[in-house]
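First comes the structure, then the notes that go with it.
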Amino acid sequence: MADTENLITVKELTKTYKTGSVEVFALKAVSLTINKGEFVAIMGASGSGKSTFMNIIGCLDNPTSGEYLMEGKDVLTRDKNELAELRNSKLGFVFQSFNLLPRTSAQENVELPLLYNNKVEASVREQKAIEALTSVGLADRLGAMPNELSGGQQQRVAIARALVNEPLVIMADEPTGNLDSKTSYEIMGIFQKLNDAGITVVMVTHEPDIAQFAKSNVVFKDGKIIANHPVTDRKIATEELKKIATLTDANSTT
């Protein structure tokens, strides 16, 4: 693929921590390219380096050494303000624990990233939030508080919040970790729909069945990438949900 399609490129990315006099390697010379329009599942056991890698490409942490380019431009030489601008304009984050403000409505939670952009007027902010919530199936829950929403609905609000700035890439860290299977598949359906619309998705998961919804899997072990391959039998969320519905109907008639 042409360089213009390279969204994220890391070369020889290394991250070390010091524990007393011992140096611990969280990442060991990791090199990877993620192209625009990809849906990548980052996998590996606890302590494998996958979360450290995600934090670095999400501009939440710095490597000890190595190179990180986004759209061909160096990320690691940018100052704190430039990194904050990059996170707010190019990246959307979705977390396992939703991270919603508890005393704030769904719409106000989604508007939150736009409050940091003084170029966006209040009326535009409101409209963008409504559009984002509508896109994840929550047009009728704009005023609902997080405690009035199910776990799946709260994650939809979190996805809408990640979408509101029209990011190049959504970074999801264990987005189905707190959800049941059916709700997890519904969330994967939203990610697949967004990916089909051109948004790049990078998702950390330890669940092999959830990784099957991605287009490719990158597996970490001991701070290194040990596998990087396309998903051959990719699951499509709409089809999986139909299977669940069919089984439910069959069970209810027996």
query = Restricting to region 193-206, what's the tally of residues that are farther than 19 Å from VAL157 by Cβ and surrounded by 14 or more Cβ atoms within 10 Å (Cβ to Cβ)?
reply = 6
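Would it be correct to say that LEU133 is in contact with a helix residue (DSSP H, G or I) (Cβ under 7 Å, 6 or more places away or on another chain) and among the aliphatic types (A, V, I, L, M)?
Numbers: in contact with a helix residue (DSSP H, G or I) (Cβ under 7 Å, 6 or more places away or on another chain): yes; among the aliphatic types (A, V, I, L, M): yes.
Against the criterion (in contact with a helix residue (DSSP H, G or I) (Cβ under 7 Å, 6 or more places away or on another chain) and among the aliphatic types (A, V, I, L, M)), LEU133 qualifies.
How many residues does region 151-174 hold that are among the aliphatic types (A, V, I, L, M) and assigned to a helix (DSSP H, G or I)? Before the answer, list the steps.
Of all residues in region 151-174, those among the aliphatic types (A, V, I, L, M) come to 157-160, 162-164, 168-172.
Retained after the next criterion (residues that are assigned to a helix (DSSP H, G or I)): 157-160, 162-163.
Total meeting the criteria: 6.
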key: Qualifying residues in region 218-253 (those that are in contact with a strand residue (DSSP E or B) (Cβ under 9 Å, 6 or more places away or on another chain) and among the aliphatic types (A, V, I, L, M)) - the one nearest to SER31 (Cα to Cα)   = ILE225
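Please count how many residues of region 208-254 are outside any helix (DSSP H, G or I) and exposed (fewer than 15 other Cβ atoms within 10 Å of the Cβ).
Here is the first cut: in region 208-254, the residues outside any helix (DSSP H, G or I) are 212-236, 253-254.
Okay, now just the ones that are also exposed (fewer than 15 other Cβ atoms within 10 Å of the Cβ), so 222, 226-230, 232-234, 236, 253-254.
Of the residues in that region, 12 qualify.
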request  = Could you check PHE191 against (1) in contact with a Ser or Thr (Cβ under 6 Å, 6 or more places away or on another chain); (2) at pLDDT 95 or above and say which number it fails?
outcome  = (1)
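Which of the following residues is modelled with pLDDT of 90 or more, among the polar types (S, T, N, Q) and loosely packed, with under 14 Cβ neighbours inside 10 Å: SER97, SER105, SER48, SER65?
Values: SER97 fails: modelled with pLDDT of 90 or more; SER105 fails: loosely packed, with under 14 Cβ neighbours inside 10 Å; SER48 fails: loosely packed, with under 14 Cβ neighbours inside 10 Å.
From the options SER97, SER105, SER48, SER65, the qualifying one is SER65.
Is it the case that region 141-150 has a residue that's under 16 Å from the mean Cα position of the chain (by Cα), in a helix (DSSP H, G or I) and within 21 Å of ASP180 (Cβ to Cβ)? Steps first, answer last, please.
Within region 141-150, the first condition is being under 16 Å from the mean Cα position of the chain (by Cα), and the residues that meet it are none.
No, that holds for no residue.
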note = Going through region 1-47 in order, the residues found to be of a type in the set (S, T, N, Q), out of contact with any Leu (no Cβ under 9 Å at 6 or more places or on another chain) and over 25 Å from LYS235 (Cα atoms) are THR4, THR19, SER21
key: Exclusive hit being modelled with pLDDT of 95 or more and over 13 Å from GLY92 (Cβ atoms), set THR176, THR134   = THR134
inquiry  = List the residue pairs whose Cβ atoms are under 7 Å apart, where the first residue sits in region 175-190 and is free of Cβ contacts under 8 Å to residues at least 60 places away in the same chain and assigned to a helix (DSSP H, G or I), the second is of a type in the set (Ser, Thr, Tyr) and surrounded by fewer than 24 Cβ atoms within 10 Å (Cβ to Cβ), and the two are 6 or more positions apart or on different chains.
reply    = GLY189/THR238
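The values are calculated or read from the model by the stated rules, or taken from the named source; none is laboratory data. Just so it is clear, the model here is predicted, and its values are computed rather than measured. Ideal geometry is used to build each Cβ from the backbone, glycine not excepted, and the neighbour counts take in all protein chains shown.
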